[in-house]
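> Sharing a structure below in structure tokens format, with a few things to ask.
A short reminder: the numbers here are calculations on the coordinates, not readings from a lab. Predicted, not measured: the structure shown is a model, and the values here were computed from it. Because the Cβ atoms are built from the backbone with ideal geometry, glycine has one as well, and the counts that use them run over all protein chains shown.
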Amino acid sequence: MTLLDPTWTALLYLVAAVCFILALKGLSSPRTARRGNLIGAAGALIAVVTVFLSTKLDNIPWILAAIAIGAAIAAPVARRVQMTQMPQLVALFNGVGGGAAALVALLELDLAEESWVRVAIVFTLLIGAVSFAGSLVTFAKLQELMTTRPVLFPGLPVLMGAAILASVGSAIAVVFTGELWIAVLLIVLGLLTGVLLVLPVGGADVPIVISLLNAFTGLAVAASGLVLGNVLLVVAGTLVGASGTILTRAMAQAMGRSVTGILFGAFRGGSTAGSTVASDRPVRSSSAEDVAVLLGYAQKVIIVPGYGLAVAQGQHTVAELQHALEARGIEVEFAIHPVAGRMPGHMNVLLAEANVPYESLKEMSEINPEFKTADVALVVGANDVVNPAAKSSPGSPIYGMPILEVADARQVVFLKRSMRPGFAGIENELLFEPQTTLLFGDAKDSLTKVLGAVKAL
């Protein structure tokens, strides 16, 4: 006996599905992202409660204990995580989702009698395992628990091909035999494939792979919904898979590269990871007071935020600088590159946290023509997304990537900690141009000094 009849169960699942759709719509804009996130959480809560009220559960104490343990771990971690570590958290969450889908499918194997159900099971096992292992490797790369550079070794392409072929063979065997040990072997092969898929990826390509693995997890969840006969899982997984695929393609286009080039570019030298050695070429450096004069007597300033701003947690200081400049009658805008930071929308979220008006955040296609009218382009912790090598150096790993045209501004000021290259590991020739000035130091400290000097003008 359950508390909900099938009609009410279907209606509540429909409400949850609508919440998920509205959540995705809300997450498409920084202005509505917070509301969208809350709507998505409400949909998930409705879905979980509906399962409890509409299903005969035999192990409720164990289920509640698992939920309590998960909440006790996840809530503090989510509250304490810094913006610079958000991509790693996303990678972990994504991996857990893929792993959970694979485990559910494995437990359902003994109950599967029809061939199409076994097909859904092997798909979930393989894709879920790939997503789990791949996400752990991306986490390790972003957390710098291992090198962020491509990891290559002799025979890697052959080993990857063999793992994929063995996975396909094992999947076919599971469909026809239903043997549990072969299904376990399939999971192991999927884990190996996930590791081998991500190891050759380096530099700025890692966030794109996270998005791709997120799409994989969504597909695995959708397939597990077919296994369990749960329509809501099919809908939610399909939404995640579709949105992750669209996001992956959009990020790849923003990098000016193909998804296959991102995954396998290291085999032919095309991965975005190069040298980490600091340049010793002479540059023109300046003091915070001199930078303040440039900014304080400009008519238009465009600020380009990057990962260095997030690392320094300088978003509130740069927001104060915007207010101080606007109080002097100066037009201030922020130029947002689609892949600035370590995940899509990283800079939007970072600046929204500091209450920078959404109207001040301009996407690349909108802001690029305005650099020609800007007196100063202030680059804070960004490098690769403004590097002219993307247009002028065919041999560069970022060649073809659309960039922010900061070189068109009358004066360019870089706030950098050192002369080390960006995440792609290549030198930025713009640093050595006559109109470029560098202010060395931690981004937050430098911004604080510049802010103080602007107020003293």
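> Give the calculated FRET efficiency between Thr32 and Lys372 to the nearest 0.05, with a Förster radius of 35 Å applied to their Cβ-Cβ distance.
For R0 = 35 Å, the calculated efficiency reads 0.65.
> Among Ile330, Pro344, Ile246, whose Cα sits farthest toward the positive end of the charge dipole of the chain (+1 at Cβ of Lys/Arg, -1 at Cβ of Asp/Glu, about the Cα centre)?
Farthest towards the positive pole: Ile330.
> Based on the Cβ-Cβ distance of Val18 and Leu111, what FRET efficiency does E = 1/(1 + (r/R0)^6) give at R0 = 25 Å, to the nearest 0.05?
0.25
> Working from Cα positions, state the angle (0 to 90°, nearest 10) between the long axis of helix 115-142 and the longest principal axis of the chain.
Roughly 30 degrees, rounded to the nearest 10.
> Work out the FRET efficiency for Ala42 and Thr7 from their Cβ-Cβ distance, taking R0 = 30 Å, and round it to the nearest 0.05.
0.90
> Which Cα, out of Gly237, Ser365, Ala312, lies furthest along the positive dipole direction of the chain (beta carbon charges, K/R +1, D/E -1)?
The Cα lying farthest towards the positive end belongs to Ala312.
> Now, a different point. Order of 60-72, 207-219, 114-126 by packing, highest average Cβ count within 10 Å first?
Per-residue Cβ counts within 10 Å, averaged per peptide and sorted highest first, yield 207-219, 114-126, 60-72.
> Let me ask another. Using only the Cα atoms of the chain, what semi-axes does the equivalent ellipsoid have when each is the square root of 5 times a gyration tensor eigenvalue? Give whole Å, largest first.
Values for the chain, descending: 45, 27, 16 Å.
> Something else: Arranged from highest to lowest average of other beta-carbon atoms within 10 Å per residue, in what order do the peptides 93-102, 303-312 appear?
Output ranking for 93-102, 303-312: 303-312, 93-102.
> Treating only the Cβ atoms of Lys and Arg (+1) and Asp and Glu (-1) as charged, compute the dipole magnitude of segment 81-268 about its Cα centre; round to the nearest 20 debye.
In debye, rounded to 20, segment 81-268 gives about 680.
> Oh, and also: Quick one: Karplus J couplings for segment 403-409, per residue in order, coefficients 6.51, -1.76, 1.60, θ = phi - 60°, nearest Hz, x for Gly and Pro?
Calculated HN-Hα couplings, in order: 10, 7, 7, 5, 5, 7, 6 Hz.
> Would you mind working out the magnitude of the charge dipole of segment 288-456 relative to its Cα centre, with +1 at each Lys and Arg C-beta and -1 at each Asp and Glu C-beta, to the nearest 20 Debye?
In total the dipole reaches around 280 debye.
> Using θ = phi - 60° and the Karplus relation 6.51 cos²θ - 1.76 cosθ + 1.60, list the HN-Hα couplings for segment 42-58 in order, rounded to whole Hz, with x at every Gly or Pro.
5, x, 5, 5, 4, 5, 5, 4, 4, 4, 4, 8, 10, 10, 7, 9, 9
> With charges set only on the Cβ (+1 for Lys and Arg, -1 for Asp and Glu), what does the dipole of the chain come to about its Cα centre, in debye to the nearest 20?
360
> Counting pairs of alpha carbon atoms under 8 Å apart in space and at least six apart in sequence, what relative contact order in percent does segment 1-113 give?
23
> Moving on. What is the set of long-range amide H partners of Leu438 at a cut-off below 5 Å, with H atoms built 1.01 Å from backbone N?
Arg284, Ser285, Ser286, Phe414
> Gly381's amide H: which non-local residues (gap 5+, or another chain) put their own amide H closer than 5 Å, with H modeled 1.01 Å from N in plane and none for Pro or chain starts?
When sequence neighbours closer than 5 places are left aside, the close amide H contacts are Leu415.
> Per DSSP helix of 4 or more residues, -39500 (n - 2.57); summed, then divided by the residues of the chain. What does that give at 222 nm, rounded to the nearest 500?
Theoretical 222 nm ellipticity from helices: -19500 deg cm²/dmol.
> Starting with the highest mean, order 372-382, 244-254 by the number of other Cβ atoms within 10 Å, averaged over the residues of each peptide.
By packing density, highest mean first, the sequence is 372-382, 244-254.
> Something else about it: Specify the angular offset, from 0 to 90 degrees and rounded to the nearest 10, of the alpha carbon long axis of helix 6-26 from the longest principal axis of the alpha carbons in the chain.
For 6-26 against the chain, the angle is about 20 degrees.
> To the nearest 10 degrees, how steeply does helix 315-327 sit against the main Cα axis of the chain, on a 0 to 90 scale?
40
> Can you work out ³J(HN,Hα) from phi for every residue in segment 194-202, in order, using Karplus 6.51 cos²θ - 1.76 cosθ + 1.60 and θ = phi - 60°, giving whole Hz and x for Gly and Pro?
Each residue of segment 194-202 in turn: x, 5, 5, 5, 9, 3, x, 8, x Hz.
> While we're on this one: Given the convex hull over the Cα atoms of segment 162-205, what projected area results after averaging over all orientations, in nm²?
3.2
> Relative contact order of segment 81-268: what whole-number percent is it, with Cα pairs under 8 angstrom and at least 6 residues apart?
In percent, rounded to a whole number, it is 27.
> While we're on this one: Cβ under 15 Å from Phe176's Cβ, Phe176 left aside: what net charge do those residues give with Lys, Arg +1 and Asp, Glu -1?
Surrounding charge for Phe176 is -2.
> Further, regarding this structure: Select from Leu22, Leu111, Thr32 the residue farthest towards the positive end of the dipole of segment 1-124; place +1 on Cβ of Lys and Arg, -1 on Cβ of Asp and Glu, and compute about the Cα centre.
Thr32
> Quick one: compute the contact order of the chain, relative version, from alpha carbon pairs under 8 angstrom and 6+ residues apart, as a percent.
Computed over the chain, the figure is 14 percent.
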